[in-house]
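Have a look at the structure below, then the notes.
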Amino acid sequence: MARPFPGIQTEHDTTQLEDRPVVDLQRRRDELNAKVAELQWDLGGMVYEMAIRNRLKADVIVQHAAKLQDADAELSEVERILTLEQTSTAGACPSCNAPHSSGAAFCWQCGTPILRQADTSELFGT
């Protein structure tokens, strides 16, 4: 059975498209948390074992540290995206009370202007 492309809804798929990325990102964050913890544990154990045998190999340590750094960077990015998704609502439309993001000029639901134009005559003294 062929797997559908991510984000493409099929007739057998009843999951809301808006919910899917958040769930996948949360699962990916959990996987990365576990991977980072395991890589930290392995790196610490490896350095300890090398140290007690007086056979430190910097190139091997650097390779494992690079893997840890990559996983940690991806984890940070996933957490940043999740935080952004959770806090992206800047306010509500004064007309219909629909949520809007920061920088929205018009309400997506009713079309009411959200940004108000400032009177520039007061700024320039004209």
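Summarising the label geometry, the points placed 7 Å from Cα in the beta-carbon direction at Thr112 and Tyr48 lie 6.2 nm from one another.
Per-residue extension of 0.36 nm, minus the Cα-Cα distance of Leu25 and Cys96, leaves a gain of 22.5 nm for this segment.
Using the Cα centre of the range 16-87 as the reference point, and only Cβ charges (+1 on K/R, -1 on D/E), how large is the resulting charge dipole? Debye, rounded to the nearest 20.
Details: 10 positive and 15 negative charges, 86 e Å.
Charge dipole, the range 16-87, about its Cα centre: 420 debye, nearest 20.
In this simple spin-label model, placing a label point 7 Å from the Cα along the Cα-to-Cβ direction at both Gln40 and Asp59 gives a separation of 2.9 nm.
Quick note: the coordinates plus some simple rules give every number you see, no bench work behind them. Since we're looking at a predicted model, the values are computed, not measured. Positions of Cβ are backbone-derived with ideal geometry, glycine not excepted, and every protein chain shown enters the neighbour counts.
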